[in-house]
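The values are calculated or read from the model by the stated rules, or taken from the named source; none is laboratory data. None of the values given here were measured: they were computed from a predicted structure. Using ideal geometry, Cβ is built from the backbone for each residue, glycine included, and neighbour counts are taken over all protein chains shown.
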Amino acid sequence: MTILITGASGRTSGYVIEALLASSPTSDLRLLVRSEVAIQKLTAKYPGLKPANFAIGDLLEPSTIGPAVAGIDVIFHNGPSFIPNETAMGIALIEAAKAAGVKHFVFCSVLHPILTKLLNHKAKRDIEEYLIDLSATLQSSVISAAWNPKTWQGYLDLHDLAEVAAKVILDPAPHNLSRYELCGQNCTIEDVARELSAHIGKKIAIKNISSEEALAHFGQSGGYGVEAGDRMLYYYNKRGIPGNTNVLRWLLGREPTTWKALFQL
């Protein structure tokens with residue numbers, strides 16, 4: 001089985017790569033990146049990877065997508081967020097996968113993509129719709145909060161995400177036509193601070209920061225990215241996005257990782 005991972009240089013895909021390297025031969029993996037620099041960074045992080053494990057491409061450039069998906073059985077797609085052409089990138093990859101005869105397409109979306117007021121959620125919802133149609137901080141003792149620390153929010157440990165992704169990628173048939181909303185724990189930022197305080201025996205304070213500070217931290221400085229980020233943070237602040245943990249529990253075959261469990265690792 002050959003597996004293509006998009007967004008290979010990103011944080012989320014990195015966890016998936018680690019999980020796959022622990023479960024399957026290196027020769028089965030192909031990582032889609034945008035530059036030689038990205039290849040150098042990934043080979044430094046994962047010494048077992050060879051040049052054949054990489055494809056350089058642009059999801060909006062068909063001449064590069066075709067070679068990237070050629071001979072691939074399963075695609076794990078984790079597209080970039082907060083860019084105006086995210087949906088176009090996802091659709092282009094789906095079309096390339098269809099043309100190449102890819103058997104399974106695993107899309108890493110968001111919790112509740114139906115929240116279309118959030119532009120990054122809407123972009124992913126549109127990709128999901130296309131798929132459906134097609135298939136018939138310890139040193140400072142401060143936690144920075146970009147939204148109301150009393151708002152309930154759904155959290156997902158990326159190791160849990162990677163474990164589920166590896167299961168779906170390596171044995172895709174039972175998951176065909178499935179859509180999983182993954183949530184490991186619902187809690188507030190205050191709950192997180194309380195758990196961390198109990199673990200380290202030191203008071204953890206919460207510092208509210210502005211949306212401008214938060215967006216600057218994530219590298220968003222203008223245009224679409226700021227608008228999308230503002231909407232997301234406003235929604236988080238007013239309502240939060242909690243989810244149900246049963247699906248993740250079932251897929252993992254164990255209890256999802258909570259903040260308390262994560263701090264104890």
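For A70, only one of the following conditions fails: (1) under 20 Å from I169 (Cα atoms); (2) in contact with an Asp or Glu (Cβ under 7 Å, 6 or more places away or on another chain). What is its number?
(2)
How many residues are farther than 17 Å from L20 by Cβ and not charged (D, E, K, R) when one looks only at the stretch 157-180?
Summing the residues that are farther than 17 Å from L20 by Cβ and not charged (D, E, K, R) in the stretch 157-180 gives 6.
Of all residues in the stretch 4-34, which are under 17 Å from the mean Cα position of the chain (by Cα), aliphatic (A, V, I, L, M) and under 16 Å from V168 (Cα atoms)?
Residues satisfying the conditions are L4, I5, V16, I17, A19, L20.
Identify all residues within the stretch 40-79 that are within 28 Å of E227 (Cβ to Cβ) and either loosely packed, with under 15 Cβ neighbours inside 10 Å or in contact with a Phe, Trp or Tyr (Cβ under 7 Å, 6 or more places away or on another chain) (or both); write none if there are none.
D58, L60, E61, H77
Residues that are more than 26 Å from N120 (Cα to Cα), out of contact with any His (no Cβ under 7 Å at 6 or more places or on another chain) and not in a loop (DSSP other than H, G, I, E, B): does the stretch 219-230 have at least one?
No, the stretch 219-230 has no match at all.
Considering each of D126, D160 in turn, give the residue that is touching a Pro at 6+ places or on another chain (Cβ under 7 Å) and of a type in the set (D, E).
D160
State yes or no: is L182 assigned to a helix (DSSP H, G or I), buried (at least 18 other Cβ atoms within 10 Å of the Cβ) and either at pLDDT 95 or above or not β-branched (V, I, T) (or both)? Give the steps one after another, and end with the answer.
Values: assigned to a helix (DSSP H, G or I): no; buried (at least 18 other Cβ atoms within 10 Å of the Cβ): yes; either at pLDDT 95 or above or not β-branched (V, I, T) (or both): yes.
Spelling it out, it is not the case that L182 is assigned to a helix (DSSP H, G or I), buried (at least 18 other Cβ atoms within 10 Å of the Cβ) and either at pLDDT 95 or above or not β-branched (V, I, T) (or both).
Within the stretch 155-178, take every residue that is touching a Leu at 6+ places or on another chain (Cβ under 9 Å) and not in a helix (DSSP H, G or I) and give me the one that is nearest to D133 (Cα to Cα).
Checked the stretch 155-178; the qualifying residue nearest to D133 (Cα to Cα) is L156.
Exactly one condition in (1) surrounded by 13 or more Cβ atoms within 10 Å (Cβ to Cβ); (2) more than 18 Å from the chain's Cα centre (by Cα); (3) closer than 28 Å to K117 by Cα is false for G223; which is it?
(1)
With the structure loaded, tell me whether S109 is outside any strand (DSSP E or B), of a type outside the set (A, V, I, L, M, F, W, C) and modelled with pLDDT of 95 or more or whether it fails that test.
For S109, the condition - outside any strand (DSSP E or B), of a type outside the set (A, V, I, L, M, F, W, C) and modelled with pLDDT of 95 or more - is met.
Condition check ((1) of a type in the set (A, V, I, L, M); (2) part of a helix (DSSP H, G or I); (3) at pLDDT 90 or above) across all residues:
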residue	(1), (2), (3)
I127	yes, yes, yes
W147	no, no, yes
N186	no, no, yes
I206	yes, no, yes
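Only residues that are outside any helix (DSSP H, G or I), in contact with a strand residue (DSSP E or B) (Cβ under 8 Å, 6 or more places away or on another chain) and farther than 16 Å from V106 by Cα: list them for the stretch 27-58, please. Walk me through it before giving the result.
Here is the first cut: in the stretch 27-58, the ones outside any helix (DSSP H, G or I) are 29-35, 46-50, 54-58.
Among the residues that remain, those that are also in contact with a strand residue (DSSP E or B) (Cβ under 8 Å, 6 or more places away or on another chain) are: 29-35, 49, 54-57.
Listed by number, the residues that qualify are V33, R34, S35, L49, F54, A55, I56, G57.
Just to be sure, is I65 of a type in the set (A, V, I, L, M, F, W, C), within 20 Å of K124 (Cβ to Cβ) and part of a loop (DSSP other than H, G, I, E, B)?
no
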